[in-house]
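Data block below; observations after.
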Amino acid sequence: MTAIHLASVDAEADVLLREDAGGVATLTLNRPDQYNALSAALLGALQSAVHDLARDDSIRVVVIAGAGKAFCAGHDLKEIHGHADAGFAQEVFERCERVMIELTRLPQPVIARVHGPAYAAGCQLVAQCDLAVAVPEARFATSGVNFGVFCSTPGVPLVRNISRKRAMEMLLTGEPIDAATALSWGLVNRVVPADQLDAEAQRLAKSILAKSRAVVAAGKKTFYAQVGDDLDQAYRLATAAMVDSVRTDDGKEGIAAFAEKRKPRWKNK
């Protein structure tokens, strides 16, 4: 029986829950009454969890989910409104920036499990994850423009997922798109019925679990290192990574297994 660990990573009202099972850590945004809006406390808890996961060799895949009706409604604008000083808003947005960047630097792939609306910074979170699965009822929007705050930071990962004109349509209008549109635009990987959402997230996770830990971690690092570079530099980085890969223990094992028509026996499982 796989051991399951369920614990809060923040003392304030358990705003983030972590559950570990079979090499997969599920982080659940746990402010259902606030539609999982990213308060300062929740962002702090998420950042702490990401730091812990980066050093946790028992975890191979991370899933981010939401409690209640929504995946995430974005930043907690009521909390920001309640602080007159601009320094509070700056701290919140800068912390969110760090969390988003650190998600890409995690050695583990991160899957967004989207069961409901993902708006503003919630849409940003989906776009920043490596993979995303959603239900047909999910909606995605960069809705800040409706409230006088242009979704500039959500636009950063958004335009790295979908085309420029589609990103600008979302940013300029604030109008939501449905899950089918998000799938066709490339914002999510899969759209499945609600009763299959967990199974689909786990299917993706299990596929990753079957691969070499070292290969996946190195591949993710290279992907994000090259994605913003010009073509020449991107190929230089990627080629160097490929050369390094075939020289590793798991690279040699994988090539040998292919040649011998057998399953690889990873050293870095």
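The values are calculated or read from the model by the stated rules, or taken from the named source; none is laboratory data. The model shown is predicted, which means the values in this text are computed figures rather than measured ones. No Cβ is skipped: glycine too gets one built from the backbone with ideal geometry, and neighbour counts run over all protein chains shown. Protein only, heavy atoms only, side chains kept; ligands, DNA and RNA dropped before computing areas. Shrake-Rupley method; radii C 1.70, N 1.55, O 1.52, S 1.80 Å.
Of all residues in the range 243-268, exactly one satisfies the criterion of being hydrophobic (A, V, I, L, M, F, W, C), surrounded by 14 or more Cβ atoms within 10 Å (Cβ to Cβ) and assigned to a helix (DSSP H, G or I), namely A257.
Residue pairs whose Cβ atoms lie under 9 Å apart, separated by 6 or more positions or on different chains, with the first residue in the range 42-53 and acidic (D, E) and the second open to solvent by 10 Å² or more (accessible area, probe 1.4 Å) and at pLDDT below 95, are D52/V9.
Restricted to helices (runs of 4 or more DSSP H) entirely inside the range 96-176, no element has at least 2 residues that are in contact with an Asp or Glu (Cβ under 9 Å, 6 or more places away or on another chain), charged (D, E, K, R) and open to solvent by less than 10 Å² (accessible area, probe 1.4 Å).
Residues that are open to solvent by less than 50 Å² (accessible area, probe 1.4 Å), in contact (Cβ under 8 Å) with a residue 60 or more places away in the chain and in a helix (DSSP H, G or I) within the range 184-242 comprise L197, E200, A201, L204, A205, I208, L209, V216, A217, K220, listed in sequence order. Restricting attention to the range 44-89, the residues being open to solvent by 30 Å² or more (accessible area, probe 1.4 Å) and at positive phi number 1.
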